[in-house]
Amino acid sequence: MEKIQPLNNHVLVKVKEEELKTDSGLIIPEVAGSDKNEGYVEAVAPDVPKEISVGDKVIFKDNPAIEVGHEDKSRLLLVEYTNIVAKVVEVEKI
């Protein structure tokens, strides 16, 4: 079994992919979906600040990222830490 360990201020993000379907059964391509820049942190480089950790849901800029294939066939991206613009957190009230 292999593990991807990001280096040089990168974060490995598993992209949130959901098949969107209309009520009539049409499948909407992921490119048209609004969640293409959201995902879950799978691994972080040692030099990434502790505010981002494995399991966090993050939103990142639509900048070039490195797409990597892996054994489980999920869509994984290596994103520079500075391209992460937000962390999604659960709250009781807004």
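Bear in mind these aren't lab numbers, they're just calculated from the coordinates by the rules spelled out. For clarity, every value in this text was computed on a predicted model and none was experimentally measured. Reconstructed Cβ throughout: ideal geometry from the backbone, glycine too, with neighbour counts over all protein chains shown.
Measure off 7 Å from each Cα along the Cα-to-Cβ vector at residue 4 and residue 94, then give the distance between these two points in nanometres to one decimal.
For residue 4 paired with residue 94, the spin-label model returns 3.1 nm.
Got a sec? How would 22, 82 order by Cβ neighbour count within 10 Å, fewest to most?
22, 82
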